[in-house]
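See structure below.
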Amino acid sequence: MQQTLSHYFGYETFRPGQEEIISKVLDHRNVLGVLPTGGGKSICYQVPGLLLGGTTIVISPLISLMKDQVDQLKAMGIQAAFLNSSLTQKEQQRIEKALSNGEIQFLYVAPERFENRYFLNMLQRIKIHLVAFDEAHCISKWGHDFRPSYQNVISKVFTLPQDFTIIALTATATVEVQQDIREKLNIAQTDQIKTSTKRRNLIFKVNPTYQRQKFILDYIKTHDEDAGIIYCSTRKQVEELQEALESQKIESVIYHAGLSNKEREEAQNDFLFDRVKVVVATNAFGMGIDKSNVRFVIHYNMPGDLESYYQEAGRAGRDGLKSECILLFSERDINLHEYFITVSQADDDYKDKMGEKLTKMIQYTKTKKCLEATIVHYFEPNEKLEECEQCSNCVQQDKSYNMTQEAKMIISCIARMKQQESYSVIIQVLRGESTDYIKYKGYDQISTHGLMKGYTTSELSHLIDELRFKGFLNENDEILMCDTSIKKITQ
């Protein structure tokens, strides 16, 4: 086992949990491994896969993740391949032939591949000793990235005639999700190996700023030698933020599902090989990305649950060096997630569970307690909590954001328009836009026209939402309290 680790992967020692997991697999016991992001989950099936021989089937959720893993194994002299929709028919046939001849040691497939009857028939004829479920939280309905195709594949796997072992691996699974995975894959509780969620090199920060773009621009200017990921909720936000970065001569790449496969691959490689320092992306980016020197991960918006947040934030600092995980948020983020849950077509039990997860995420943004301890307690309720002494709460940074001046400017603008205009017109006037309608109404001549031109539309939307939330405006943006009554507003 140690010799295989050293010969193929160049490591002299195993990381916490790896050796115990591998030993159970070699004893032909189904096992669940819960290791932190960057904890070396792939080694847990790659080492026993090599020792057991035959073909190891790896069920993986993302095409980009498969390609990266296969490329890395091939570079080590290990025969690996993937089957997915990105391949031509000729390429698939070549791989299937090699598989039938016993020439493939690791085959990576998406769960949807098991819906193909021809593929299932082919699997029945080859030598399989190990089946690995990567990102196993996708199996559970209560996981943060549940995929029905993952759940559907389980029954197909159990119909295979070979005597094989199952290994399931994940970085982010609550106690409830862990139990669900074990039950679905016939894994005994004694065959679950879980290491600590703590990663003491990560510095967690929460910032309720409304000028998100300004914060990010200022941050990157002072960390211009560092590699980092900025996560946004939407493609539009990704593209707008990149434009803002370009305007300040900050080079970056973008990554989202709307790009072609070639564009995504180029962006990913530019970031991986340090041709650019910053990638701005939706959550489509990052799973399985093997880049050790990411010094910061900034979330432009609050995710809907702590599992998603910790998985994405955990892509920082895989080399063990100090790295920052910064969450920017506002009440608007909360409202958006609540809306998505409400309009979801899911059953009531699932909606309730997503609501509970959102509540925990909101509590994280509001808590005065240690941020690392809050995350650890979420995943490990029985863990003894210790303050990290380095997060934004432990160092006692003020988490409130003084928006008094902004509030006065917005209410003053609404008053000068006689409280008769829509949300969008208010924002256009504050930003100094001169549409035909604004000129017709004479709003380009009032003193508040362009008063907040340094703010983005999104930032002003957040501010107006907060004024509604605090009771200064009603839902029609009519003033309930005048600007002179504002002493101090913080969020």
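The values are calculated or read from the model by the stated rules, or taken from the named source; none is laboratory data. Worth saying up front: this structure is predicted, and the values here are computed from it rather than measured. All Cβ positions, glycine included, derive from the backbone under ideal geometry; neighbour counts span all protein chains shown.
Quick look at the numbers
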{"quantity": "Number of the condition not met by residue 373 [criteria: (1) buried (at least 22 other Cβ atoms within 10 Å of the Cβ); (2) among the small types (Gly, Ala, Ser); (3) at pLDDT 85 or above]", "calculated": "(1)"}
{"quantity": "Residues being over 30 Å from residue 308 (Cβ atoms), of a type in the set (Gly, Ala, Ser) and crowded, with 16+ Cβ neighbours inside 10 Å - total across the stretch 378-435", "calculated": "2"}
{"quantity": "Extreme residue, nearest to residue 16 (Cα to Cα), among residues of the stretch 179-216 that are in a strand (DSSP E or B) and under 20 Å from the mean Cα position of the chain (by Cα)", "calculated": "202"}
{"quantity": "Residue check, residue 362 more than 18 Å from the chain's Cα centre (by Cα), surrounded by 15 or more Cβ atoms within 10 Å (Cβ to Cβ) and not in a loop (DSSP other than H, G, I, E, B)", "calculated": "no"}
{"quantity": "Residues (among the hydrophobic types (A, V, I, L, M, F, W, C) and surrounded by 20 or more Cβ atoms within 10 Å (Cβ to Cβ)) located in the stretch 246-255", "calculated": "253, 254"}
{"quantity": "Residue 37 vs. criteria modelled with pLDDT under 90 and surrounded by 19 or more Cβ atoms within 10 Å (Cβ to Cβ)", "calculated": "yes"}
{"quantity": "Residue selected from the stretch 155-178 under the condition surrounded by fewer than 18 Cβ atoms within 10 Å (Cβ to Cβ) and among the β-branched types (Val, Ile, Thr), by the criterion farthest from the chain's Cα centre (by Cα)", "calculated": "159"}
{"quantity": "Tally, over the stretch 376-394, of residues that are aliphatic (A, V, I, L, M), modelled with pLDDT of 90 or more and not in a helix (DSSP H, G or I)", "calculated": "0"}
{"quantity": "Matching entry among 438, 426 (being more than 24 Å from residue 330 (Cα to Cα) and not in a loop (DSSP other than H, G, I, E, B))", "calculated": "438"}
{"quantity": "Residue within the stretch 22-31 that is assigned by TED's automatic domain parsing to the domain that holds residue 167 and free of Cβ contacts under 8 Å to residues at least 24 places away in the same chain present", "calculated": "yes"}
{"quantity": "Index of the failed condition, residue 28 passing every other in (1) outside any helix (DSSP H, G or I); (2) out of contact with any Ser or Thr (no Cβ under 6 Å at 6 or more places or on another chain)", "calculated": "(2)"}
{"quantity": "Unique residue being closer than 30 Å to residue 464 by Cα and modelled with pLDDT under 90 when the list is 208, 148", "calculated": "208"}
{"quantity": "Verdict on residue 194 being basic (Lys, Arg) and in contact with a Pro (Cβ under 9 Å, 6 or more places away or on another chain)", "calculated": "no"}
{"quantity": "Conditions (1) in a helix (DSSP H, G or I); (2) at pLDDT 95 or above; number of the one not met by residue 230", "calculated": "(1)"}
{"quantity": "Any hit, the stretch 346-359, residues being within 25 Å of the chain's Cα centre (by Cα), closer than 30 Å to residue 306 by Cβ, of a type in the set (Val, Ile, Thr) and surrounded by fewer than 15 Cβ atoms within 10 Å (Cβ to Cβ)", "calculated": "yes"}
{"quantity": "Pair list, Cβ under 6 Å, 6 or more apart: the stretch 78-93 residue assigned by TED's automatic domain parsing to the domain that holds residue 107 and surrounded by 17 or more Cβ atoms within 10 Å (Cβ to Cβ), other residue among the hydroxyl-bearing types (Ser, Thr, Tyr) and assigned to a strand (DSSP E or B)", "calculated": "82/108"}
{"quantity": "Test for residue 443: is it loosely packed, with under 14 Cβ neighbours inside 10 Å and modelled with pLDDT of 85 or more", "calculated": "no"}
{"quantity": "Pair list, Cβ < 7 Å and 6+ apart or interchain, from the stretch 198-215 residues that are within 10 Å of residue 328 (Cα to Cα) to residues that are among the β-branched types (Val, Ile, Thr) and part of a strand (DSSP E or B)", "calculated": "205/326; 207/326"}
{"quantity": "Close pairs (8 angstrom Cβ cut-off, 6 or more residues apart or separate chains): farther than 12 Å from residue 409 by Cα and in the same structural domain as residue 409 (by TED's automatic domain parsing) in the stretch 422-437, among the polar types (S, T, N, Q) and surrounded by fewer than 17 Cβ atoms within 10 Å (Cβ to Cβ) anywhere", "calculated": "428/435"}
{"quantity": "Which numbered condition residue 466 fails, given (1) modelled with pLDDT under 75; (2) farther than 14 Å from residue 413 by Cβ; (3) charged (D, E, K, R); (4) surrounded by 11 or more Cβ atoms within 10 Å (Cβ to Cβ)", "calculated": "(1)"}
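Yes/no matrix, rows are residues, columns are (1) basic (Lys, Arg); (2) within 26 Å of residue 213 (Cα to Cα); (3) modelled with pLDDT under 90; (4) out of contact with any helix residue (DSSP H, G or I) (no Cβ under 6 Å at 6 or more places or on another chain):
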| position | (1), (2), (3), (4) |
| --- | --- |
| 408 | yes, yes, yes, no |
| 423 | no, yes, yes, yes |
| 429 | no, yes, no, no |
| 451 | no, yes, no, no |
| 459 | no, yes, yes, yes |
| 462 | no, yes, yes, no |
| 476 | no, no, yes, yes |
| 483 | no, no, yes, no |
| 488 | yes, yes, yes, no |
